[in-house]
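Worksheet: one structure, shown below.
Only the coordinates and a few stated rules stand behind these numbers; no lab work does. Keep in mind it's a predicted model, so treat the numbers as computed, not measured. So basically every Cβ, Gly included, is an ideal-geometry build from the backbone, and we count neighbours across all protein chains shown.
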Amino acid sequence: MLNELDSLGKVTTEKLDKDWQTRRAIERNLQMMMAIFIDVCQGSLPKPMQSQAATATEVIKLCVQLRVLSNQESYRPIVDFHNVFVRHCYERINANTLTDFMNNHLDDFRRFRDEVLAHARDHD
């Protein structure tokens, strides 16, 4: 999914306003990536702790405490975008919000991937 989004290069609000197919592809890929992000974090927690984390913020906080992830604040943009996207904007995300996330925060997912893989290797 990251490769698909990377293949689009820098996006502009004008492009997203004119090209609904690209816009929907970005929205869908980000939606799936956020679901994976939350699911992997939740799955990284020991079973007894999983019920303690009712929100994405709480899941991230517990993952940082367990040293699965290094820093809670570095994942704030993903959590904030998740809250806007999943909880408040079911039909359409503001083009400026999508553009900002596409152009400035895809590396957050790469960092997440790398940290989770490193943790898994260290704890096999």
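Can you give the angle from 0 to 90° between the axis of helix 95-104 and the longest principal axis of the chain, with both taken from C-alpha atoms, to the nearest 10? Rounded to the nearest ten degrees, it is 60.
Using +1 on the beta carbon of Lys and Arg, -1 on that of Asp and Glu, and nothing else charged, what's the dipole of region 26-124 about the Cα centre, debye to 20? Display every interim value, and only then the final one.
Values: 11 positive and 13 negative charges, 31 e Å.
Value, rounded to 20: 160 debye.
Helical runs assigned H by DSSP (4 residues or longer) give the chain a calculated mean residue ellipticity at 222 nm of -20000 deg cm²/dmol, each run adding -39500 (n - 2.57) before division by the residue total. Using R₀ = 30 Å, calculate the FRET efficiency as 1/(1 + (r/R₀)^6) where r is the Cβ-Cβ separation of residue 7 and residue 55; round to 0.05. That gives a FRET efficiency of 0.40. Computed from these coordinates, which is semi-axes √(5λ) of the Cα gyration tensor in Å: (1) 26, 16, 15; (2) 28, 16, 11; (3) 19, 18, 14? Answer label, from the structure shown: (2).
Where Lys and Arg each count +1 and Asp and Glu each count -1, what net charge lies around residue 63 among other residues with Cβ under 15 Å from its Cβ? List each step's numbers first, then the result.
On the way: positive: 47, 61, 67, 76, 111, 113; negative: 39, 58, 73, 108, 114, 115, 122.
Taking every Cβ under 15 Å from that of residue 63, the sum is -1.
Enter the angle in degrees (range 0 to 90, nearest 10) between the Cα long axis of helix 56-65 and the first principal axis of the Cα atoms of the chain, meaning the one along which they spread out most. With both axes taken from Cα atoms, the answer is about 40 degrees. Between the DSSP loop rule and a limit of at most 16 other Cβ atoms within 10 Å, which trypsin sites (Lys or Arg not before Pro) in region 22-104 are left? Passing sites in region 22-104 are 67, 92.
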